[in-house]
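Participant: This is the structure, below, for whatever I ask next.
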Amino acid sequence: MVTEADWRGWTVEDLRPFVAASLDLFGPDRLLFGSDWPVCLVAASYARVREALDEALGDALTPAERAAIDGGTATRVYGLAAGLDP
């Protein structure tokens with residue numbers, strides 16, 4: 001989402017309503033983290049994008065819901081094997 005915001009001036013507060021709406025509409029079991037890397041680099045580092053999502057989500061999710069967004073949904077949807085070492 002940072003590439004859709006003001007590249008040099010976005011804040012987590014700019015993103016928070018969209019994160020909240022996504023959670024309300026789809027729920028954590030249908031959402032997954034995506035950084036838009038390397039495109040996001042025009043507006044923020046990968047680490048900052050990740051940090052912004054964590055800030056926008058706050059403490060509203062259970063550990064299981066957070067795990068879904070952080071990889072569980074992708075593992076399920078894409079049929080990936082969880083826990084494999086590269």
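The values are calculated or read from the model by the stated rules, or taken from the named source; none is laboratory data. What you see is a predicted model, and the numbers here were worked out from it, not measured in a lab. So basically every Cβ, Gly included, is an ideal-geometry build from the backbone, and we count neighbours across all protein chains shown.
Participant: Can you find, within region 4-13, the residue that is nearest to E65 (Cα to Cα) among those that are charged (D, E, K, R) and not in a helix (DSSP H, G or I)?
Facilitator: Taking the candidates together, the pick is D6.
Participant: Which residue out of R66, R30, R76, R50 is basic (K, R) and at pLDDT below 95? Steps first, please.
Facilitator: Details: R66 fails: at pLDDT below 95; R30 fails: at pLDDT below 95; R50 fails: at pLDDT below 95.
Every option except R76 fails the conditions.
Participant: I would also like to ask the following. In region 14-31, how many are hydrophobic (A, V, I, L, M, F, W, C) and not in a helix (DSSP H, G or I)?
Facilitator: Initial filter on region 14-31 (hydrophobic (A, V, I, L, M, F, W, C)): 15, 18-21, 23, 25-26, 31.
Right, trim to not in a helix (DSSP H, G or I) and you get 31.
Qualifying residue count, region 14-31: 1.
Participant: Pairs needed: first member in region 36-65, without any contact (Cβ under 8 Å) to a residue 60 or more places away in the chain and under 14 Å from W10 (Cβ atoms); second member anywhere, of a type in the set (D, E, K, R) and assigned to a loop (DSSP other than H, G, I, E, B); C-beta distance under 8 Å; at least 6 residues apart or different chains.
Facilitator: What qualifies is A43/R8; V49/D36.
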